[in-house]
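Undergrad: Have a look at the structure that comes next, please.
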Amino acid sequence: IKKIGVLTSGGDAPGMNAAIRAVVRSCAYYKIECIGVYRGYQGLIDNDFEELTARSVRNIINRGGTFLKSARSKEFVTKEGRAKAYENLKNADIDALVVIGGDGTFTGAILFNEEHNFPIIGIPGTIDNDINGTDYTIGYDTALNTVVDAIDKIRDTASSHDRLFLVEVMGRDAGDIAMNSGVGAGAEEILIPEEDGGVDRLMASLKKSAKSGKTSSIIVVAEGEKSGKNIFELAEYIGENYPDYDIRVSVLGHIQRGGVPTCFDRVLSSRLGVGAVEALLRGERNVMVGVTNKKVTSVDFEVAIKGQRPVDNELRRVLNITTV
Ligand code: F6P
C-alpha cells in the first residue's frame, strides 16, 4: 500500500476531524501518501482530491464537523456512479480507502468492494451509536453531553413553571442517545425504538409521579420510537389524560451533531484512525475497526451494519429505580 484515500460520509459527527488527523498522521508515520477526498463518496465521483500531509491536519483535533465535508451521495448509490469513482481512484493511483461514517457508508463500501475488489477500512463515525462491532461510535459521547446539557437547561425552566417537557433526541432507529442521556439527565421516562409499549409505560409513570408529589418532569423521546405518534401528538394525548398539566415540547435537532468533541471522542478517533491504517498495513480488507472491551478490534462490514442492538435492560432497571 503506497497511497491511501480518506473520506467522511453520511451525517457528520464530532470527532471526525480528529479521526482524519489520526489517519493522515499514521500515513506520514508509516511513509504512505495520503489523499483527502471531499464530500464523501461524491468526491470520488467528482475527482475532488487533495494531498494531505502531517501539517495539513494541524489544529483540527478540537474542531467539530469535518473539514473534508460530508455528503449522502445519490450518485454513488448507482452502479455507474461507483464505476466512475473507481476510475478516478485508479487514475490517482490510490490503493486503498479509509471511510469514516455509519451504516450507509459501510453499505456503500460493501457494494464498491463487490464490484471493484477495492481495499477499504471503515471507522464508525455517527452520533447514533448504532453500529455493531464497537462499543462506541465517534461523536456519540459528545452528542450525549450536548443533550444532557440541553436537558439540564430545560429542567431549570420546567421546574420554575411546574411543567412537563417532552424532549426529542436524535438516534434514527437506535435508542442509545435517548436512553443514556435520559438516565444522565434524570428523565422521568424514556421512549426508544427498540421497545414497544412506550406510551403505556409513560402513562403509568405519569400516574405514579403525580401521586408521589412530583411537580415537573422531563420525558425523553427518541426520534425513531415506534408509538406511531409524533412528539406533538404525544403531548396532545398526555394533555387529554392530564388536562391540568402544562406541557411543552422541545425538539433538540441538529445541535446534537455539532460542537467541540469531548476528550473521549478525540481519544476514540485517534485510536481508530491509527487502527485503520495499521489494519490496512496488516493486510486486513473490508472490515470496520472498532473498540470493544478497551481493545481496537475489527469486524466485517456485514456484521457492523447487522441492525438493532439489544436493549440495555440494566439501564432500564436503573431508570425505574431512580425515578421512584
Ligand atoms: O445519523 C445521524 C443523524 O443525525 C440521525 O440521528 C438523524 O436521524 C439523521 O442523521 C438526520 O439526518 P440529516 O442531517 O440528513 O437531516
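The values are calculated or read from the model by the stated rules, or taken from the named source; none is laboratory data. Owing to the predicted nature of the structure, the values given are computational and were not obtained by experimental measurement. Here Cβ is always computed from backbone atoms with ideal geometry, including for glycine, and neighbour counts include all displayed protein chains.
Undergrad: Going through the range 59-91 one residue at a time, which ones are without any contact (Cβ under 8 Å) to a residue 12 or more places away in the chain and under 30 Å from Val267 (Cα atoms)?
TA: Matches in the range 59-91: Asn59 only.
Undergrad: Still on this model: Asn230 passes all but one of (1) out of contact with any strand residue (DSSP E or B) (no Cβ under 7 Å at 6 or more places or on another chain); (2) in contact (Cβ under 8 Å) with a residue 60 or more places away in the chain; (3) within 16 Å of the ligand (Cβ to nearest atom); which number fails?
TA: Every listed condition holds for Asn230 apart from (2).
Undergrad: Restricting the search to the range 132-186, which residues are among the acidic types (Asp, Glu), at pLDDT 95 or above and more than 13 Å from the chain's Cα centre (by Cα)?
TA: Asp149, Asp152, Asp156, Glu168
Undergrad: Can I ask one more? State yes or no: is Lys79 at pLDDT 95 or above, within 15 Å of the ligand (Cβ to nearest atom) and farther than 26 Å from Val274 by Cβ?
TA: In short, no.
Undergrad: Considering the range 263-287 alone, what residues qualify as being of a type in the set (D, E, K, R) and within 19 Å of Gly65 (Cβ to Cβ)?
TA: Passing the criteria: Asp265, Arg266.
Undergrad: Report whether or not Val167 is more than 16 Å from the ligand (Cβ to nearest atom) and more than 30 Å from Lys295 (Cα to Cα).
TA: No; evaluated as a whole, the condition is false for this residue.
Undergrad: Separate question: Restricting to the range 1-48, what's the tally of residues that are within 16 Å of the ligand (Cβ to nearest atom) and over 24 Å from the mean Cα position of the chain (by Cα)?
TA: 0
Undergrad: Looking at (1) over 30 Å from Ala54 (Cβ atoms); (2) part of a helix (DSSP H, G or I); (3) within 16 Å of the ligand (Cβ to nearest atom), can you tell me which one Gln308 breaks?
TA: (2)
Undergrad: Follow-up question, since we're still on this one. Any chance the range 127-145 includes a residue that's in contact (Cβ under 8 Å) with a residue 40 or more places away in the chain, surrounded by 18 or more Cβ atoms within 10 Å (Cβ to Cβ), closer than 23 Å to Ile32 by Cβ and within 16 Å of the ligand (Cβ to nearest atom)?
TA: yes
Undergrad: While we're looking at this one, here's another question. Within the range 86-112, take every residue that is assigned to a helix (DSSP H, G or I) and within 29 Å of Lys294 (Cα to Cα) and give me the one that is farthest from the chain's Cα centre (by Cα).
TA: That would be Ile110.
Undergrad: Which strands (runs of 3 or more DSSP E) does the range 1-67 wholly contain that include 2 or more residues that are touching a Leu at 6+ places or on another chain (Cβ under 8 Å)?
TA: The strands (runs of 3 or more DSSP E) meeting that bar are 3-8, 33-37.
Undergrad: Output the residue which, of all residues in the range 237-284 that are surrounded by 16 or more Cβ atoms within 10 Å (Cβ to Cβ) and among the basic types (Lys, Arg), is farthest from the chain's Cα centre (by Cα).
TA: Looking at the filtered set, the residue picked out is Arg271.
Undergrad: A further question follows. With the checklist (1) within 16 Å of the ligand (Cβ to nearest atom); (2) not in a loop (DSSP other than H, G, I, E, B) in hand, flag the one item Asp149 doesn't pass.
TA: (1)
Undergrad: Run Gly122 past the list (1) within 12 Å of the ligand (Cβ to nearest atom); (2) assigned to a strand (DSSP E or B) and report the number of the one that doesn't hold.
TA: Condition (1) is where Gly122 drops out.
Undergrad: Right, another one. Filter the range 181-205 for residues that are among the aliphatic types (A, V, I, L, M), touching a Leu at 6+ places or on another chain (Cβ under 8 Å) and not in a loop (DSSP other than H, G, I, E, B) and give the result.
TA: Answer for the range 181-205, where residues must be among the aliphatic types (A, V, I, L, M), touching a Leu at 6+ places or on another chain (Cβ under 8 Å) and not in a loop (DSSP other than H, G, I, E, B): Val183, Ile190, Leu191, Val199, Leu202.
Undergrad: If Ser159 satisfies every condition in (1) touching a Phe, Trp or Tyr at 6+ places or on another chain (Cβ under 9 Å); (2) surrounded by fewer than 24 Cβ atoms within 10 Å (Cβ to Cβ) but one, which is the exception?
TA: The one condition Ser159 does not meet is (1).
Undergrad: How many residues does the range 99-119 hold that are within 24 Å of Gly307 (Cβ to Cβ) and either of a type in the set (Asp, Glu) or away from the ligand (no atom under 16 Å from the Cβ) (or both)?
TA: Number satisfying all stated conditions: 8.
Undergrad: Can you list the helices (runs of 4 or more DSSP H) lying wholly within the range 211-305 that have 1 or more residues being under 28 Å from Arg63 (Cα atoms) and at pLDDT 95 or above?
TA: Correct list: 263-281, 301-304.
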